[in-house]
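Notes follow the structure.
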Amino acid sequence: MERYYLWTIGCQMNDADAARISAGLSEMRLHPTSEIREADLVVLITCVVRQSAEDKVLGRLASLKGLKRERPGLRIAVMGCFVDPQAALPARFPYVDAFFKPSDIGGLLQFVRERTGHKEGLQSTAVCAVNDATGPAVCAYVPISYGCDHHCTYCIVRLRRGGQQSRPPADIVAEAEGLVRSGVREITLLGQNVDAYGLDLGTTDLADLLAALHGLEGLWRLRFLTSHPGEMSAKLIRTVARLPKICPHFELPVQAGDDDTLRRMGRTYTVERYRQLVAAIREQVPGCSIATDVIVGFPGESEAQFQGTYDLLAELRLDSVHIAKYSPRPGTPSARLPDDVPAVEKERRRALLEKLQAGIVTEIHSALLGRTVEILVEERQRGRWKGRTVTNKLVFFEDEADRRGQLVRVRITRAGPWSLRGERIE
Ligand code: SAM
C-alpha cells in the first residue's frame, strides 16, 4: 500500500477524524492522492444526519463497486455515522473491506497496519500533528467528548455515536501541547454538546478546561462548538468574557422559534430561555458573534409556528444561521410521526429564512466597511489569503508575501453575506 484517497462529508468531528487518520497514515508512510484511481486504499468518512448526506455516501459507495472489480487489490474502509452495526452492511456492500464506528481511528489504523506490516501509525491518538499539502496546519480541531446524552427526537447522531464520553482533561491538554509545538495557533474544541463536557467525569467542566488550555504558551486562539442552549452555564459565559484567547464566538443551535415545536423536538429549553441567553452573552461579551442552526418543516410545524422562527431570527439578528429542511431519520422518534410538511413548503420556508438572514448578515458585515480587523491567516485559496476574525468572520486579502500562520490587520473594503474582502495594513 502506497497511496490513499480520503473522502469526508459532514460535521467538524469527521474533519477532526480525517486529520488524525491522515497523520496516522503518513506515519505509516502512505501518501495522500486526490486521484482515486491511483489509490491503494480508499477511506470514506460518512454522515447520515440528513437523507441528502446519506445519498451522497450511497453514491460514493456505488462508484467504488466498479473500481474494486477492476482492481481487487484495492482496500476500501468506511467509517462514520453511516456505519450502523444493525444494518448488515457487509452483506449489502461486499466490496467494502471493513466498516468502523464513528471516530474509531485506532481500529482503522490497525486495519491498515495489519496490511502494510508497519509498526508505526499513531500508536496513541493523544498527540497528532496536522499538516496539509502546503505546510503545517495553523488551526486544528480537538475532540473533547464523543457522543451525546440528549434525546433530540429528530437526531440520528446519538443512535450512531452513543452516549457522551468526555476525554480526560490531561489527554486533551497533552494533545493541545503537541499541536502547538507543531505550529498550530488556533484550537477548536469539539463535541456534540460541549457545554456538557465533564458531566460524565464529575470533576471538571468546559470552563475549567478552557482555563487550563488558556495557559499554553504559543497558543493564540481557542474556540469551542457546539453548545446547547439548555446547558450553557453562566460560568462559561464569564470565562469567555474573562480570558482573552477564547474567541468571542458562540455556536448555539436554537432549531425552532416555537415552544411547542421545541418540546416535540426534545429540546430542553424555551424560546424565552434562548432569548435570555443571547441577551446575557451579548451583555457580558460585547462585540461577540452568535451562530445558530434551524430546522424547518419539522412534523406538524404550522405556518404560525414557522412564523415564530422567522420572527425570532428577525428579532435576534444573529451572525450566521445554518438552515436545514427536516429529514426523517430511521430509528429516531420523530421518524414515527407523519412527515407532513410537503417538500415544496419546506423549501419555501428555507428560502424565506435564507433571504431574511442574507439581509441581516449583509447589514452586519457592511458595518465593518472601512474598519480594521485582525485575522489569523489559515491558507491561500484561489490566489487570495484566507483568515478569520475572532468572531469567525471569513476575510480574504491579496498579498505576494507568505502570510500563513500570521496575525494580520486588514481594512475591510468589500462586504458580502458570506465573506469579507480587505487590504492588509502595516
Ligand atoms: N449539537 C447539535 C445540536 O445542538 O443539535 C447537533 C449538531 S447536528 C449533527 C447538526 C445540525 O443538523 C443540527 O443542529 C440540526 O439543525 C441539523 N439536523 C440534525 N438532524 C436533522 C434532521 N433529522 N433533519 C434536518 N436537520 C437535522
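Taking all Cα pairs closer than 8 Å and separated by 6 or more residues, the relative contact order of segment 139-214 comes to 39 percent. D by Stokes-Einstein for segment 282-328, Kirkwood Rh over Cα pairs, 20 °C, 1.002 mPa s: 178 µm²/s. What is the calculated FRET efficiency for Ser419 to Lys355, with r their C-beta to C-beta distance and R₀ = 25 Å, to the nearest 0.05? So the FRET efficiency works out to roughly 0.85. Over 28 Å apart: what share of the alpha carbon pairs of segment 268-426 falls there, rounded to a whole percent? Within segment 268-426, distances greater than 28 Å cover 37 percent of Cα pairs.
Centroid-to-centroid, using Cα positions, segment 164-229 and segment 349-426 are 26 Å apart. Considering only Cα atoms, the convex hull volume of segment 190-294 works out to 99 Å³ per residue. Packing here is the average count of other Cβ atoms within 10 Å per residue, and on that basis the peptides 18-26, 107-115, 4-12, highest first, run 18-26, 4-12, 107-115.
Note: segment 335-426, Cα convex hull, 138 Å³ per residue. Over all other residues within a Cβ to Cβ distance under 13 Å of Arg273, the charged ones net out to 0, with Lys and Arg as +1 and Asp and Glu as -1.
Between Ala170 and Glu38, full extension at 0.36 nm per residue minus the direct alpha carbon distance yields a gain of 43.5 nm. For the chain, the Kirkwood estimate of hydrodynamic radius, built from reciprocal distances between every pair of different alpha carbons, is 23.0 Å. Across the chain, the relative contact order, built from alpha-carbon pairs under 8 Å that are at least six residues apart, equals 10 percent. If the chain linking Leu67 and Arg348 were pulled fully straight, counting 0.36 nm for each residue of separation and taking away their Cα-Cα distance, it would gain 97.2 nm.
Extending 7 Å from Cα along the Cβ direction at Arg275 and again at Asp402 yields two label points whose distance is 5.3 nm. Placing unit charges on the Cβ atoms of the charged side chains and taking the dipole of segment 142-222 about its Cα centre, the candidate lying farthest along the positive direction among Ile187, Val157, Val142 is Val157. In terms of other Cβ atoms within 10 Å, His322, His365 run from fewest to most in the order His322, His365. Using the Cβ-Cβ distance between Leu201 and His31 with R0 set to 30 Å, the FRET efficiency works out to roughly 0.20.
Counted by neighbouring Cβ atoms within 10 Å, the residues Met28, Met232 run from fewest to most as Met28, Met232. Between Ala234 and Asp340, the simple label model (points 7 Å from Cα in the Cβ direction) yields a spacing of 4.2 nm.
Treating r as the C-beta distance of Arg181 and Ala211 and R0 as 30 Å, the FRET efficiency rounds to 0.90. The share of Cα pairs per 10 Å bin across segment 129-248, counted from zero up to the longest distance, runs 13, 44, 31, 11, 0 percent.
The residues neighbouring Val83, those whose beta-carbon lies less than 10 Å from its own, together hold a net charge of 0 under the Lys/Arg +1, Asp/Glu -1 convention. Note on Ala87 and Arg115: the model spin-label points, each 7 Å out from Cα along the C-beta direction, lie 2.0 nm apart. Sites listed here are trypsin sites (Lys or Arg not before Pro) in segment 329-426 whose DSSP assignment is loop and whose Cβ has at most 14 other Cβ atoms within 10 Å: Arg371, Arg382. Shape class for segment 5-50, computed from the alpha carbon gyration tensor (a ≥ b ≥ c): oblate, with a/c not under 1.5 and a/b at or below b/c.
Every number here is computed from the coordinates shown, using simple stated rules; none is lab data. Keep in mind that what you see is a predicted model, and the values were worked out from it rather than measured. Cβ: placed from backbone, ideal geometry, glycine included. Neighbour counts: every protein chain shown.
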